[in-house]
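Trainee: Take this structure first; my questions come after.
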Amino acid sequence: MKCLLTGLLLSALPFFSVAENMTSDVSAYKQELMQEIINQFQDDGTFTQLAQCTNQRAERLKDHFVQTLDKCLDTPDASEEALNQCLYVGVGKLSGIPAQKLRTCVESTAENDNQDKLEQIEKQIAELEDQLNLLSEKDDLNEADLKREAALQSKLDSLYIKLDAEEQAQGRRSEQ
């Protein structure tokens with residue numbers, strides 16, 4: 001449902017198809033992968049956000065997601081869109097929520113997450129700029145101040161690169 005989910009699923013599916021004869025290994029790996037995805041969604045609040053968007057209970061959505069994820073991992077089409085569609089349709093059928101509503105909720109959640117990332121990076125940039133400004137106001141910088149200034153500037157440069165990359169990625173996502 002999120003980019004990470006799709007990445008994990010896509011990376012795991014070739015393993016499932018190659019290891020058909022190792023049923024117990026595949027099954028164990030599949031269960032481990034599913035638990036990892038579910039834990040991440042619980043930890044990052046995805047189920048809670050979807051529950052708020054759909055007016056459903058988070059636990060109920062989680063149960064439907066688990067049932068659907070298990071089936072979707074067994075589908076032969078490993079494309080990102082096919083996996084997402086399988087999840088939207090499956091969870092939708094179990095919960096009574098139209099697949100398009102789920103898609104809209106997930107996209108909205110992802111958009112909010114991306115905006116939060118940008119705001120966090122911008123906040124860090126502002127803090128570093130404030131620290132650099134305080135250092136530059138000093139009349140006499142000692143060696144420790146110069147080292148701190150260089151370290152702060154390096155962190156600031158890294159954050160600007162990260163901000164630029166995140167803005168570009170967000171632009172690409174909004175174009176799709």
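Trainee: Would you be able to say whether some residue in segment 59-68 is surrounded by fewer than 18 Cβ atoms within 10 Å (Cβ to Cβ) and of a type in the set (Val, Ile, Thr)?
Mentor: Scanning segment 59-68 turns up at least one residue that is surrounded by fewer than 18 Cβ atoms within 10 Å (Cβ to Cβ) and of a type in the set (Val, Ile, Thr).
Trainee: How about segment 114-158: which of its residues are touching an Asp or Glu at 6+ places or on another chain (Cβ under 9 Å) and within 26 Å of Asp44 (Cβ to Cβ)?
Mentor: Asn114, Lys117, Leu118, Ile121
Trainee: For residues in segment 111-157 being among the basic types (Lys, Arg) and part of a helix (DSSP H, G or I), which is farthest from Gln49 (Cα to Cα)? Please lay out each step first, then the result.
Mentor: Pass one, segment 111-157, residues among the basic types (Lys, Arg): 117, 123, 138, 147-148, 155.
Within this subset, residues satisfying the condition of being part of a helix (DSSP H, G or I) are 117, 123, 147-148, 155.
Numbers: Lys117: 16, Lys123: 24, Lys147: 43, Arg148: 40, Lys155: 32 Å.
My answer is Lys147.
Trainee: Here's another thing I want to ask about it. Within the set of pairs 6+ apart or on separate chains, which have a first residue in segment 122-146 that is assigned by TED's automatic domain parsing to the domain that holds Glu166, a second that is part of a helix (DSSP H, G or I) and of a type in the set (Val, Ile, Thr), and C-beta atoms under 9 Å apart?
Mentor: none
Trainee: Then there is this: Filter segment 76-104 for residues that are within 13 Å of Leu50 (Cα to Cα) and surrounded by 20 or more Cβ atoms within 10 Å (Cβ to Cβ); which is modelled with the lowest pLDDT?
Mentor: Applying the filter and picking the extreme gives Leu102.
Trainee: What are the residue pairs meeting all of these: first residue in segment 36-65, first residue within 18 Å of Ser108 (Cα to Cα) and in contact (Cβ under 8 Å) with a residue 24 or more places away in the chain, second residue surrounded by 14 or more Cβ atoms within 10 Å (Cβ to Cβ) and small (Gly, Ala, Ser), Cβ atoms under 8 Å, and 6 or more apart or on different chains?
Mentor: Leu50/Ala58; Thr54/Ser95; Gln56/Ser95; Leu61/Ala51; Leu61/Ser95
The values are calculated or read from the model by the stated rules, or taken from the named source; none is laboratory data. Given the structure is predicted, the values throughout are model-derived calculations rather than measurements. So basically every Cβ, Gly included, is an ideal-geometry build from the backbone, and we count neighbours across all protein chains shown.
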